[in-house]
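Taking it in order: structure first as C-alpha cells, then the write-up.
The values are calculated or read from the model by the stated rules, or taken from the named source; none is laboratory data. Just so you know, these numbers come straight off a predicted model, no measurement behind them. A quick note on method: Cβ atoms are made from the backbone with ideal geometry, for glycine too, and the neighbour counts reach across all protein chains shown. The area values use the complete protein model at the heavy-atom level, side chains included, leaving out ligands, DNA and RNA. Shrake-Rupley method; radii C 1.70, N 1.55, O 1.52, S 1.80 Å.
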Amino acid sequence: MIGLIGGMSWESSAEYYRILNQGIRARCGPTASARCILWSFNFAEIEDLQHRGDWAGLERLMVDAAKRLETGGAEVLLICTNTMHRMADAVQSAVGVPLLHIADATADDVKAAGFNKVGLLGTVFTMEQDFYKGRLAQRHGLEVITPGAADRETVHRIIYEELVAGLVLTASREAYRAVIARLVEDGAEAIILGCTEIMLLVQPEDSAVPLFDTTALHANAAISMAIAE
C-alpha cells in the first residue's frame, strides 16, 4: 500500500496517481491498479508557510500527514514534491515504514545513464538550500550546478505563479529552454527537473541534453517496490 503525501500541488499529485496506476496496469494486467492512499494538502496554506520561512510549522504538518497515512495502512511513503523533502529525515524518524526519497530515485537513474554533472531546476528552496543538492552530492557523488540568480528567480516564479495553477504558457517554456541552455553551456550533462510541476511545461525536445523527470522517476520507483513486495 503506497501512501502519498500530496496536494503540493494537486497538479503534480494527479500525475503521480496517473503514473502509478498506468504503471501497475502495464506490469500486472489490464484491470490492475495501484493500492494507494492520498493525503492532499491545501497548497495555499503550504505556500504561505514556505514563503514565510516557517519550516518548523511545515515539518509538523508533514509528520502529521505521514503518521495518518501509516495508521491508514500505508507500507511505504512518498512525499509528492521535491521541496518538501526538506523534512524527509523528520518524516522518516516519525514513522515505522520506509520513506522513498525522490532524490535517491532520481540519482539512481542519473548514475545508471552514466552522467556525473547535472543541472538542477526547481523552487528557489530546492536550488539554493542544501537538503537536496547535498544529498545528490554526498550520498550519490553527483556534481550539481544551478542557474544564476536571475534564472533561479524566473524558474521559481513560473512554478508558483503558473504551473501550480495549471497554466502552461509558451513564453514560459521558452524561458525554461533558455535557462536549460545556459546550464548546458556551464557543463551540465543532463538536467534534473527538480520540481514535480516542471514536467507539465518542459519536454525532452526543449533540451539539448537528457531530462530527468523526478515525478515519473519517483512514482516508478514506488511501482517497482510495490511489485517486489
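Among the residues of the stretch 28-55, those identified as in a strand (DSSP E or B) and among the hydrophobic types (A, V, I, L, M, F, W, C) are 36, 37, 38, 39.
When restricted to residues that are β-branched (Val, Ile, Thr) and without any contact (Cβ under 8 Å) to a residue 12 or more places away in the chain, the stretch 94-136 contains 0. Taken together, 186, 108 contain a single residue that is over 19 Å from the mean Cα position of the chain (by Cα) and open to solvent by 30 Å² or more (accessible area, probe 1.4 Å), which is 186.
Among the residues of the stretch 70-95, the ones that are more than 20 Å from residue 215 (Cα to Cα) and of a type in the set (A, V, I, L, M) come to 3 in all.
Of the residues making up the stretch 1-35, those that are open to solvent by 80 Å² or more (accessible area, probe 1.4 Å), closer than 16 Å to residue 215 by Cα and either in contact (Cβ under 8 Å) with a residue 12 or more places away in the chain or touching a Gly at 6+ places or on another chain (Cβ under 9 Å) (or both) are 10, 17. Every condition in (1) without any contact (Cβ under 8 Å) to a residue 12 or more places away in the chain; (2) touching an Asp or Glu at 6+ places or on another chain (Cβ under 8 Å) is met by residue 157 except one, and the failing one is (2). For the criterion of being touching a residue at least 60 places away in the same chain (Cβ under 8 Å), within 14 Å of residue 223 (Cα to Cα) and under 18 Å from the mean Cα position of the chain (by Cα), residue 76 passes. Filtering the stretch 181-226 to residues that are over 30 Å from residue 28 (Cα atoms) and in a helix (DSSP H, G or I) leaves 181, 182, 183, 184, 185, 205, 206. Looking across the stretch 69-89, the residues that are out of contact with any Phe, Trp or Tyr (no Cβ under 6 Å at 6 or more places or on another chain) and open to solvent by 30 Å² or more (accessible area, probe 1.4 Å) come down to 70, 71, 72, 73, 75, 89. Screening the stretch 134-161 for residues that are in a helix (DSSP H, G or I) and among the charged types (D, E, K, R) and picking the one that is most open to solvent (accessible area, probe 1.4 Å) gives 161. Looking across the stretch 203-227 at every residue that is farther than 21 Å from residue 184 by Cβ and surrounded by fewer than 16 Cβ atoms within 10 Å (Cβ to Cβ), the one that is modelled with the lowest pLDDT is identified as 227. Here residue 164 does not qualify as buried (at least 17 other Cβ atoms within 10 Å of the Cβ), at pLDDT 95 or above, β-branched (Val, Ile, Thr) and closer than 18 Å to residue 85 by Cβ.
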